[in-house]
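These notes concern the structure reproduced below.
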Amino acid sequence: MNEEQTPKRARARTPNNKTTTGFRISDALWAVLQPLLPVHVNTHRFGGGRPRKPDRVCADAIFYVLRTGCQWKALDQTELCPGSTAHDRFQEWVKAGVFLKLWRAGVEQFDELKGIDWDWWSMDGAITKAPLGGKKPALIPLIAAKLAASGAC
C-alpha cells in the first residue's frame, strides 16, 4: 500500500491514561531510598551505550507495579518507563538488597516515631497433621488385589 491508499484516521488517537501520576513515590521516600541504591558502573567497552534511565523514574515504575500488581510489560503503555527497564532495575536492586535495607530503614524510623515493644512479638507456624485431614484412604480393591498377588504389600 502506498501513501495514497493509506486510509486517514477520522479522529485523533486517544492519549494514554495518565493515572500513573498518582503513583509517583514521594520526595521523603526517595530521600530514604536513594542512598541505598547501588552505584552504577558503565560496563560498555568504550564508555558509551544507550543513556541510562534515571533511578527515580525506575523507582516510580517499580512501585507502580508493586502497588497495582500489573504486569511489567504493561508499563510500556504508561509514561513511566519501559517494562523491561523497570524489571531489570528491580532485579538489580533485589540482588543488591535494596528492598531489605529499605524495609529495615522503615522499621527503624517507625521505632523512633512510635516505638516498637520488642519484648512482645511472635511468630506463627505449625508443623502438625491437619485436624480435618481424615484417615488414610483405602486402596481401590482391584489395585489391592494386584498388589497382594505380587507380594508388594
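From Thr14, Thr20, Thr6, which residue is at pLDDT below 75, assigned to a helix (DSSP H, G or I) and either surrounded by 12 or more Cβ atoms within 10 Å (Cβ to Cβ) or polar (S, T, N, Q) (or both)? Walk me through it before giving the result.
Values: Thr14 fails: assigned to a helix (DSSP H, G or I); Thr6 fails: assigned to a helix (DSSP H, G or I).
Within the list Thr14, Thr20, Thr6, the selection yields Thr20.
Can you give me the number of residues within the stretch 70-105 that are assigned to a loop (DSSP other than H, G, I, E, B) and closer than 30 Å to Ile116 by Cα?
First pass over the stretch 70-105, keeping only residues assigned to a loop (DSSP other than H, G, I, E, B): 70-71, 78-82, 96-97.
Among the residues that remain, those that are also closer than 30 Å to Ile116 by Cα are: 96-97.
Of the residues in the stretch 70-105, 2 are assigned to a loop (DSSP other than H, G, I, E, B) and closer than 30 Å to Ile116 by Cα.
Mind checking whether some residue in the stretch 27-39 is of a type outside the set (Phe, Trp, Tyr), crowded, with 18+ Cβ neighbours inside 10 Å and out of contact with any strand residue (DSSP E or B) (no Cβ under 8 Å at 6 or more places or on another chain)?
Start the filter on the stretch 27-39 by keeping residues that are of a type outside the set (Phe, Trp, Tyr), which leaves 27-29, 31-39.
Subsequent filtering for residues that are crowded, with 18+ Cβ neighbours inside 10 Å retains 33, 37.
Next, from what is left, pick out any that are out of contact with any strand residue (DSSP E or B) (no Cβ under 8 Å at 6 or more places or on another chain): 33, 37.
The answer is yes, given that some residue of the stretch 27-39 is of a type outside the set (Phe, Trp, Tyr), crowded, with 18+ Cβ neighbours inside 10 Å and out of contact with any strand residue (DSSP E or B) (no Cβ under 8 Å at 6 or more places or on another chain).
Kindly check whether there is at least one residue in the stretch 51-64 that is of a type outside the set (A, V, I, L, M, F, W, C), surrounded by 11 or more Cβ atoms within 10 Å (Cβ to Cβ), under 19 Å from Gly22 (Cα atoms) and modelled with pLDDT under 90.
Kept after step one, since they are of a type outside the set (A, V, I, L, M, F, W, C), are these residues of the stretch 51-64: 51-56, 60, 64.
Within this subset, residues satisfying the condition of being surrounded by 11 or more Cβ atoms within 10 Å (Cβ to Cβ) are 52-53, 55-56, 60, 64.
If we keep only those that are under 19 Å from Gly22 (Cα atoms) as well, we get 55-56, 60, 64.
Within this subset, residues satisfying the condition of being modelled with pLDDT under 90 are none.
No, the conditions are met nowhere in the stretch 51-64.
Of all residues in the stretch 21-41, count the ones that are in contact with a Lys or Arg (Cβ under 8 Å, 6 or more places away or on another chain) and over 15 Å from Ile62 (Cβ atoms).
The number of residues fulfilling the criteria is 1.
Scan the stretch 90-117 residue by residue and report those that are of a type in the set (D, E, K, R) and surrounded by 11 or more Cβ atoms within 10 Å (Cβ to Cβ).
Narrowing the stretch 90-117 to residues of a type in the set (D, E, K, R): 92, 95, 101, 104, 108, 111-112, 114, 117.
Passing the criteria: Glu92, Lys101, Arg104, Glu108, Asp111.
Quick one: what pairs do we get from the stretch 105-129, first residue under 30 Å from Ala31 (Cβ atoms), second modelled with pLDDT under 85, C-beta under 8 Å, 6+ apart or different chains?
Val107/Ile116; Phe110/Ile116
In the stretch 28-40, is there at least one residue being of a type in the set (S, T, N, Q), at pLDDT below 75 and part of a helix (DSSP H, G or I)?
Within the stretch 28-40, the subset of a type in the set (S, T, N, Q) is 34.
Still in the running and at pLDDT below 75: none.
No, there is no match, as no residue in the stretch 28-40 is of a type in the set (S, T, N, Q), at pLDDT below 75 and part of a helix (DSSP H, G or I).
The values are calculated or read from the model by the stated rules, or taken from the named source; none is laboratory data. Worth saying up front: this structure is predicted, and the values here are computed from it rather than measured. Positions of Cβ are generated from backbone atoms using ideal geometry, with glycine treated the same way; all protein chains shown enter the neighbour counts.
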